[in-house]
Each structure stands twice: as structure tokens, then as C-alpha cells.
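Report on the following structure.
The values are calculated or read from the model by the stated rules, or taken from the named source; none is laboratory data. Since the structure is predicted, the reported quantities are computational estimates derived from the model, not experimental observations. In this analysis, Cβ positions are derived from the backbone assuming ideal geometry, glycine residues included, and neighbour counts consider all displayed protein chains. When the accessible area is computed, the model is the full protein with side chains, heavy atoms only, and any ligands, DNA or RNA have been set aside. Shrake-Rupley method; radii C 1.70, N 1.55, O 1.52, S 1.80 Å.
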Amino acid sequence: MTTALTVISSLLWWVLYSSIGALFIALVAWIVLRWSERCAVVFNRTYLACLLWNLFGMLLIAGVAMHEGHIKPPFAPLLASGLLRGALVIDMLVGVALLWRLIPRVDARRIRPTSACMAVAAIMAIGFGVATSLMS
């Protein structure tokens with residue numbers, strides 16, 4: 001019974017933290033997509049795409065951290081890991097695919113793949129900036 005409650009609690013916290021993080025990611029993506037597309041995009045679909053991307057990304061990075069054995073600070077060896085770098089490339093490709101496939105413009109056409117790439121690049125740049133400032 002304790003194991004089941006622990007798993008359920010972990011899943012709830014995973015979804016909660018992903019949804020909080022997805023809100024900030026969606027705000028950045030929405031601003032970048034409005035600028036890049038020169039047209040309004042639907043925010044709730046942007047949030048959905050960012051939520052799915054964040055859920056996948058947290059699962060992927062946690063799996064790499066457990067595989068590498070770096071689940072407690074300091075995380076500098078994890079950031080230098082080649083496996084994490086490969087996982088981040090996969091994460092960015094999944095992010096581009098999700099943004100491109102799930103976000104429509106207000107004229108009901110899909111956003112361009114280059115706009116999705118620009119949004120993911122902006123989000124990852126901000127994320128790396130925040131991560132490196134927290135690490136030092």
C-alpha cells in the first residue's frame with residue numbers, strides 16, 4: 001500500500017511541477033510565435049504543447065540522471081555528460097514537433113516549422129541561462 005501511495009504521489013507532483021513549468025514556457029513560446037508568425041496564435045494550444053513537451057522532458061532528463069547516478073547535487077558532472085546532451089537534442093526535436101503539430105494560428109493554419117524551431121531555441125536559451133546562473 002505504501003508503494004502505491006508513493007507512486008501516486010510522485011505522479012501527482014510530476015504533473016504539478018510540469019504544469020507550473022509549462023506555463024512559463026508557454027508564455028515565452030507564445031510571445032516568440034506571435035513575433036515569428038506575425039499573426040496571433042492560440043495560447044491554450046501553446047500551453048498544451050508546452051505541457052506535453054515538459055512532461056516528456058522531465059521524464060527524459062530524470063531517466064538520464066538516474067542512469068548516470070547523479071540524482072543529488074552537485075549536478076555539474078551530469079551537465080557534462082554526453083548522454084544528457086543527446087537527451088536534450090531529442091527533447092528539442094520533440095518540442096519542435098509538438099509545437100508545430102499542435103499550435104494553430106488564428107486563421108486556422110498551422111505554424112511554420114521554422115517558427116517552432118525559433119520558439120524552442122528561445123526557450124532552451126533561457127533555460128540554460130537560468131540553469132547556469134543557479135549552478136554558480
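Being open to solvent by less than 60 Å² (accessible area, probe 1.4 Å), under 28 Å from Leu11 (Cα atoms) and among the polar types (S, T, N, Q): is that true of Thr132 here? Answer is no for this residue. Among the residues examined, Ala131 does not qualify as at pLDDT 90 or above and either within 18 Å of Gly21 (Cα to Cα) or in a helix (DSSP H, G or I) (or both).
Residue count for segment 20-42, restricted to those that are open to solvent by 70 Å² or more (accessible area, probe 1.4 Å) and not charged (D, E, K, R): 7. If you check Leu12, Leu16, Leu33, Leu23 for being of a type outside the set (Asp, Glu) and in contact (Cβ under 8 Å) with a residue 60 or more places away in the chain, only one passes: Leu33.
For segment 74-115, a tally of residues being closer than 16 Å to Ala131 by Cα, in a helix (DSSP H, G or I), touching an Asp or Glu at 6+ places or on another chain (Cβ under 9 Å) and open to solvent by less than 40 Å² (accessible area, probe 1.4 Å) returns 2.
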